[in-house]
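A.B. asks: Supplied in structure tokens, the structure appears directly below.
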Protein chains: 2
Amino acid sequence: MADFPIVDIHTHVYTPAYLDMLRARKKVPYVHDPANGADSRLIILSSDDDASTPADQRGRPVDSSYSDIEVKLAFMKRHGITTSVISLANPWLDFLDVDDAQIWSERINNDLEETCAQVNSKTRTDTVATGIKTLYAFGALPLSAPDASIIVNEITRLKMLPHMRGVIMGTSGLGNGLDDQKLDPVWAALAQTQTLLFLHPHYGLPDEAFGGSEVTQRYGHVLPLALGFPLETTIAVTRMLLSGVFDRFPDLKILLAHSGGTLPFLAGRIDSCIAHERKFVANGGSAQGPVRDVWSVLNTNIYLDAVVYGEAGLRAAIHAAGSHERLLFGTDNPFFPPLSEKEDDIWPSVTTNYKAIEGTLGEDKEAVRGVLGGNAVRILNLN
Amino acid sequence: MADFPIVDIHTHVYTPAYLDMLRARKKVPYVHDPANGADSRLIILSSDDDASTPADQRGRPVDSSYSDIEVKLAFMKRHGITTSVISLANPWLDFLDVDDAQIWSERINNDLEETCAQVNSKTRTDTVATGIKTLYAFGALPLSAPDASIIVNEITRLKMLPHMRGVIMGTSGLGNGLDDQKLDPVWAALAQTQTLLFLHPHYGLPDEAFGGSEVTQRYGHVLPLALGFPLETTIAVTRMLLSGVFDRFPDLKILLAHSGGTLPFLAGRIDSCIAHERKFVANGGSAQGPVRDVWSVLNTNIYLDAVVYGEAGLRAAIHAAGSHERLLFGTDNPFFPPLSEKEDDIWPSVTTNYKAIEGTLGEDKEAVRGVLGGNAVRILNLN
């Protein structure tokens, strides 16, 4: 039992109400319940909704780890995690009809808040030593709502829910990406309320990027998940940078999933390409380029999770962030379980990240404790 | 004047014969000569061949730096580079009709060889101190030839040209990517002749990956060059890994452009996604996954250039490669010139990479000298 907090800031839930809503749908995202009583199937990626695959085998099996908070708590205990900041998993509420967005975001966020309150009301011997509560949450936003004011209202409302510590968002924004000027009221509200945005991929890259759907499917989920997801995040935040979001909203705070996708590694190349782009005013062109550079944004506006599965990536992330104090431990639970999971299994997808942190920062115990939990406690104001 | 070799292994030429061949073309890639006597325009990317842009403004201006070896030598002298391993720039010979491939690869490679021989026949005071010659080359392959034996023959023939030190190749292969089993004779020939393959991007990602062509063009070349190129390289080498190329050809040696695209940063995630892919035999599935893991391939088969423009990326590259002895300095010349170039300008795109190497390895002078030149001398057998 750790005597310091180990905080998982990247851990998802599909709440029971959310899964029921997906059960009522017939197109992506949806849940299919096999007639034979086998595990439900969750189909969230278009590439998984292949008509040539029987519905009972499409997507991935949904077991209780997706929605049962007791399973999450058992997972935490098994892996030494004292606190989790739970978030709705992708694709969140992106796909909702305009009239459904507000009601569903309120319902989901209230459910998350209630789950946190219920869990935290019980004394847990494995976490009490840290003095930090067991559960917090990032809220979901009604991005398909007919008016940005509805999104802004939900951001404001979340500040009154005691366990909310930010919001999670995909890269689609209002449907046209995160460089869409129509998002300015949302960025303004996040900055003004000091609400952390957890930016997370879902859509990946088009199959053509990998050589077509036949190539993509040949290797299962490896290309979309290992490469498509990180690039999606990198593209999204680079578009924000290029469009001047960080110039207009210098107080915006963003936590990037998967250690920034590939942003830490490519930051230098992005910086160089901007400096050499003839189109930008600063270089004699006619188009307004970004004023602040990528390193400044990395060191001021961006936090990175430590879900990168190796020291090579983690070293780049720490260096690009300017300090290990901007890195936060996460697991991506319930994704990447052991393929033949037993109830008491330790997940390699978790231990790989523990080892990378220990291997990279091991000589500095304070730094290790910071990445594992102290940074999250400070940045998210957990108490 | 350096008393140790500084070797640029990532430096391109469009030979005069190649540019003339592009002048005779009307579709990408092609060269357009404005009627008003202004600089020729080089249109190599489909995204630059926009019918709404006047032909005189499409693509990029081609000046003498693209083809005149004297300009290259002046660039080298100005930046302290004692030796360059020149290679034909993208898109190489990928686009040639089947009947033209062999004759053009022989012509280009013979021209490159002759250029090296001519330059090296003169005593150059700025390089003589190193004992290493001034120019070497990577050859181009006739990948569109009607039979793989023609490609294999050219690989064999290149071994007899005294300045050739490997071949450069894009990610298209024979047209279907580098996991195409029809490439096996090529991999076999490269491995058997111990010919280094310099793998370089050209095709980037489809515009849809960035949000459509309107988004891509809004930011000039930043998204395709800063993000598309590195991902293309990463996808290509990951497809090679997934299809078992490195299992079948464990002696293959590949130099990856731009420090591997994003491979060093994503290696851990790739490794984790493979380990968690239900489709692969090792995990209980029916499809053969790779036997060797990404770290083994990085430490055995792969070399990385140091063209990553920052310490964050370089640290990941060195750690992923397993040693700084697998990193090699490069410039990407003639690309990324200062936008208002004067004849004696020092290029920030070059100094940024020098500084990253010094910043990352500065306390180990031998390591710095290795990355700047010693590793290339050893790995490419320069003498």
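A.B. asks: Over chain B, with a Gaussian network built from C-alpha contacts below 10 Å, which listed residue (B:Trp187, B:Trp295, B:Trp92) shows the highest mean-square fluctuation?
C.D. replies: Most flexible of the set in this elastic network: B:Trp295.
A.B. asks: Once you have a ≥ b ≥ c as the square roots of the Cα gyration tensor eigenvalues for region A:1-154, tell me rounded if a/c is under 1.5, and otherwise prolate or oblate according to whether a/b is larger than b/c.
C.D. replies: oblate
A.B. asks: Let me ask something additional. Which whole number gives the average, over all residues in B:255-267, of C-beta atoms from other chains lying within 10 Å of the residue C-beta?
C.D. replies: On the way: counts 0, 0, 0, 3, 4, 1, 5, 13, 4, 7, 20, 15, 6.
Average neighbour count from other chains, rounded to a whole number: 6.
A.B. asks: Taking the Cα centre of the protein assembly as shown as origin and charging only Cβ (+1 Lys, Arg; -1 Asp, Glu), how large is the dipole, in debye to the nearest 20?
C.D. replies: I would put it at about 920 debye.
A.B. asks: Could you tell me which of rounded, prolate or oblate describes region A:33-92, using a ≥ b ≥ c as the square roots of the eigenvalues of the alpha-carbon gyration tensor, with rounded for a/c under 1.5 and, failing that, prolate when a/b is larger than b/c and oblate otherwise?
C.D. replies: It is prolate, given that a/c is not under 1.5 and a/b is the larger ratio.
A.B. asks: To the nearest 10 square angstrom, what accessible area does A:Arg278 show with a 1.4 Å probe?
C.D. replies: 130
A.B. asks: Arrange the residues B:His12, B:His324 by how much accessible surface each exposes, largest first, with a 1.4 angstrom probe.
C.D. replies: If we order B:His12, B:His324 from most to least accessible, we get B:His324, B:His12.
A.B. asks: Can you give me the solvent accessible area of A:Asp207 with a 1.4 Å probe, rounded to the nearest 10 Å²?
C.D. replies: Result for A:Asp207: roughly 40 Å² accessible.
A.B. asks: At 1.4 Å probe size, with the rest of the protein present, what percent of the exposed accessible area of region B:7-379 is carbon and sulfur atoms?
C.D. replies: Carbon and sulfur: 49 percent of the exposed surface of region B:7-379.
A.B. asks: Could you give the dipole magnitude of region B:7-379 about its Cα centre, charging the beta-carbon of Lys and Arg +1 and that of Asp and Glu -1, in debye to the nearest 20?
C.D. replies: Computed about the Cα centre, the dipole is about 720 debye.
A.B. asks: Need one value for B:317-324: mean number of C-beta atoms belonging to other chains within 10 Å of its residues' C-beta atoms.
C.D. replies: Shielding by partners across B:317-324 averages 3.
A.B. asks: Arrange the residues B:Asp99, B:Asp56, A:Asp20 by how much accessible surface each exposes, largest first, with a 1.4 angstrom probe.
C.D. replies: Values: B:Asp99 130, B:Asp56 65, A:Asp20 95 Å².
Of B:Asp99, B:Asp56, A:Asp20, the descending order of accessible area is B:Asp99, A:Asp20, B:Asp56.
A.B. asks: Additional query: Just in region B:343-383: which GluC sites (Glu not before Pro) are loop by DSSP and have at most 13 other Cβ atoms within 10 Å?
C.D. replies: Listed in order of number, the matching sites are B:Glu343, B:Glu363.
A.B. asks: Still on this model: Please give the total accessible area that chains A and B bury against each other, computed with a 1.4 Å probe and expressed in Å² to the nearest 100. Can you show the working numbers first?
C.D. replies: Numbers: alone 16850 and 16820 Å², together 28100 Å².
Accessible area lost upon association: around 5600 Å².
A.B. asks: Go ahead and run the numbers for FRET between B:Ser213 and A:Asp68, Cβ-Cβ distance against an R0 of 56 Å, rounding to 0.05. Display every interim value, and only then the final one.
C.D. replies: Values: r = 45 Å, r/R0 = 0.80.
Taking R0 as 56 Å, the efficiency between B:Ser213 and A:Asp68 is 0.80.
A.B. asks: Now for a different question. Quick one: among A:Val237, A:Val215, A:Val13, which has the greatest mean-square fluctuation in a GNM of chain A with alpha-carbon springs under 10 angstrom?
C.D. replies: A:Val215
A.B. asks: Which one, A:Ser243, A:Ser259, A:Ser213, has the greatest fluctuation when you compute a Gaussian network model over chain A with C-alpha springs under 10 angstrom?
C.D. replies: Highest fluctuation among the options: A:Ser213.
A.B. asks: Hey, quick one: spin label on B:Ser149, modelled 7 Å out along Cα-Cβ, who in region B:178-198 has an amide N within reach, i.e. under 20 Å?
C.D. replies: Hits in region B:178-198 for B:Ser149 at 20 Å: B:181-193.
A.B. asks: OK, next. Extension gain B:Gln181-B:Glu363, at 0.36 nm per residue separation less the Cα-Cα distance, in nm?
C.D. replies: Result: 61.0 nm gained on full extension.
A.B. asks: Would you check the accessible area of A:Arg60, probe 1.4 Å, heavy atoms only, in square angstrom rounded to 10?
C.D. replies: Taking all protein chains as shown, A:Arg60 has close to 40 Å².
A.B. asks: Sticking with this one: Averaged across the residues of B:233-246, what count of C-beta atoms belonging to other chains lies within 10 Å of each residue's C-beta? Please list the in-between numbers first.
C.D. replies: Numbers: counts 0, 7, 10, 1, 0, 6, 8, 0, 2, 7, 3, 0, 0, 0.
Per residue, the average neighbour count from other chains is 3.
A.B. asks: Kindly work out what percent of the DSSP beta bridges joining two residues of the protein assembly as shown are antiparallel, to the nearest 5.
C.D. replies: Details: 12 of 62 bridges.
Here the antiparallel bridges make up roughly 20 percent for the protein assembly as shown.
A.B. asks: Is the C-alpha gyration tensor of region B:7-379 telling us rounded, prolate or oblate? Criteria: a/c under 1.5 is rounded; beyond that, a/b larger than b/c is prolate, otherwise oblate.
C.D. replies: Judged from the Cα gyration tensor, region B:7-379 comes out rounded (a/c under 1.5).
A.B. asks: Next question, about the same structure. Taking only C-alpha pairs under 8 Å that are 6+ residues apart, what is the relative contact order of chain B in percent?
C.D. replies: 17
A.B. asks: Considering only Cα-Cα distances, which of the following residue pairs are longer than 24 Å: A:Lys77/A:Lys342; A:Lys77/A:Lys122; B:Lys253/B:Lys279; B:Lys182/B:Lys253?
C.D. replies: With Cα atoms farther than 24 Å apart: B:Lys253/B:Lys279.
A.B. asks: In addition: As I understand it, the dipole of the protein assembly as shown uses +1 on the Cβ of Lys and Arg and -1 on the Cβ of Asp and Glu, about the Cα centre. Which of B:Tyr219, B:Ala74, B:Ser64 lies farthest toward its positive end?
C.D. replies: Checked the options; the winner is B:Ala74.
A.B. asks: Report, in deg cm²/dmol and to the nearest 500, the calculated mean residue ellipticity at 222 nm for chain A, where each DSSP H run with n ≥ 4 adds -39500 (n - 2.57) and the sum is divided by the residue count.
C.D. replies: -10500 deg cm²/dmol
The values are calculated or read from the model by the stated rules, or taken from the named source; none is laboratory data. All of these numbers come straight from a predicted model, not from anything done at the bench. In this analysis, Cβ positions are derived from the backbone assuming ideal geometry, glycine residues included, and neighbour counts consider all displayed protein chains. Side chains included, ligands, DNA and RNA excluded: accessible areas come from the protein's heavy atoms. Shrake-Rupley method; radii C 1.70, N 1.55, O 1.52, S 1.80 Å.
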